[in-house]
1. Determine the pairs where a residue that is in contact (Cβ under 8 Å) with a residue 24 or more places away in the chain, located within the range B:77-92, has a partner that is part of a loop (DSSP other than H, G, I, E, B) and aliphatic (A, V, I, L, M) with Cβ atoms under 8 Å apart, the partner being 6 or more residues away or on another chain.
2. Of B:Ile158, B:Ile112, which residue is touching a residue at least 12 places away in the same chain (Cβ under 8 Å), at the interface with chain A (Cβ under 7 Å from one of its Cβ atoms) and touching a strand residue (DSSP E or B) at 6+ places or on another chain (Cβ under 9 Å)?
3. Output the residues belonging to the range B:64-76 that are within 7 Å of another protein chain (Cβ to nearest Cβ) and open to solvent by 10 Å² or more (accessible area, probe 1.4 Å).
4. Take B:Val57 and tell me if it is open to solvent by less than 50 Å² (accessible area, probe 1.4 Å) and either farther than 14 Å from A:Ala93 by Cβ or more than 7 Å from chain A (Cβ to nearest Cβ) (or both).
5. For residues in the range B:115-143 being more than 21 Å from A:Ala29 (Cβ to Cβ) and open to solvent by 20 Å² or more (accessible area, probe 1.4 Å), which is farthest from the other protein chains (Cβ to nearest Cβ)?
6. Given the options A:Thr20, A:Thr15, name the one that is open to solvent by 40 Å² or more (accessible area, probe 1.4 Å) and of a type in the set (Val, Ile, Thr).
7. For B:Ser159, state whether it is assigned to a helix (DSSP H, G or I) and buried (at least 20 other Cβ atoms within 10 Å of the Cβ).
8. Which of the residues that make up the range A:116-139 are in a loop (DSSP other than H, G, I, E, B) and of a type in the set (D, E, K, R)?
There are 2 protein chains.
Amino acid sequence: MTTIENGVRNGVDTTTLFATIDAVKAAPAAAQFQFRASNRWISGTHSQGTIHGYFGVGEERSHDHVFTADVDHPTVLVGSDEGPTPVEYLLHALAACLTAGVGNIAAARKVILHRVESSVEGDIDLQGILGLDPEVRNGFQAVRISFRIEADAPAEVISEIVEQSVARSAVFDVLTNGVPVEVSVD
Amino acid sequence: MTTIENGVRNGVDTTTLFATIDAVKAAPAAAQFQFRASNRWISGTHSQGTIHGYFGVGEERSHDHVFTADVDHPTVLVGSDEGPTPVEYLLHALAACLTAGVGNIAAARKVILHRVESSVEGDIDLQGILGLDPEVRNGFQAVRISFRIEADAPAEVISEIVEQSVARSAVFDVLTNGVPVEVSVD
């Protein structure tokens, strides 16, 4: 049984969600965020990333927990397979971003979710990064994500929720439209 | 003291690295990879991603370990802060990809690395994803990454290694140039 109290739906406090949107509307400076990560090389293609601090709603903040995760290339690519590859984290980010959007948007539209699962895959021709074919790009050539959703709503309503999540996804925007990246060596 | 034996440098077995590149050159089909991730919604904006299987060098493969990681929005964005945000994983992926490249390229160029650290930051105006300003994009407006590297090489050589890593980075390519993403609901 799903309980709905005080506007909490799918674990989303919609009262607070709408109040937050109104607050940002009234004071747009609160919407300026800066997210960060750091990374420390360990050996070969193995490194460890850390995510903790960020800036938002006018001040320095940090997540409740320090997050660390290892990254590596698999042995078949001459790594030591100490963690996922960098490109797999892009796919992971995409699935999580669209799923968070589905959670929020379903709640806002009064749709109760029972299950949201997704699978994402990206095709990559390593002749690019190996420098073997100048016609082959370094990154993914295509990415596909498929959702399996059970909710108290017809299929059409569920599809519209996913569409709206795509339309408001930060990761989908970055992956499909790109972003300027500046690299420096101190 | 850094020991160099059998072409192993910075933890990179350069003999195997060059042999792998030659093998792919001779049989380009081996370069066709597909990376994957899956995701399961937990509550609100909180989900958990899993990375394990992939396709490469002509067959189905899997990483030595099943990787799982939680993703959430922070409480200030009406999440429960059970993990990093989706966009932070993009920054994490960028730093790790360029760092892996630095490890490999330095080894190939016979440069011994002592330390490779990086910090990456991305600016985002949440008026985009909150739907408050149609002129504001959903994703990052700019991303910056800075490296601090100690190696047995002059600063110019270190900078060239980073430049080459950027030139052959899968994540840098995807983030700066974008990739077609197809979304479906089963």
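1. Note: pairs meeting the criteria are B:Leu77/B:Leu126.
2. Exactly one residue qualifies, and that residue is B:Ile158.
3. Result: B:Asp64, B:Phe67, B:His73, B:Val76.
4. no
5. B:Arg115
6. Testing whether each residue is open to solvent by 40 Å² or more (accessible area, probe 1.4 Å) and of a type in the set (Val, Ile, Thr) leaves just A:Thr15.
7. No: the conditions fail for B:Ser159.
8. Selection gives A:Asp133, A:Glu135, A:Arg137.
The values are calculated or read from the model by the stated rules, or taken from the named source; none is laboratory data. Computed from a predicted model, the values in this text were never measured in an experiment. Glycine gets a Cβ as well: all are built from the backbone with ideal geometry, and neighbour counts include every protein chain shown. Heavy atoms of the whole protein, side chains included, go into the accessibility calculation; ligands, DNA and RNA do not. Shrake-Rupley method; radii C 1.70, N 1.55, O 1.52, S 1.80 Å.
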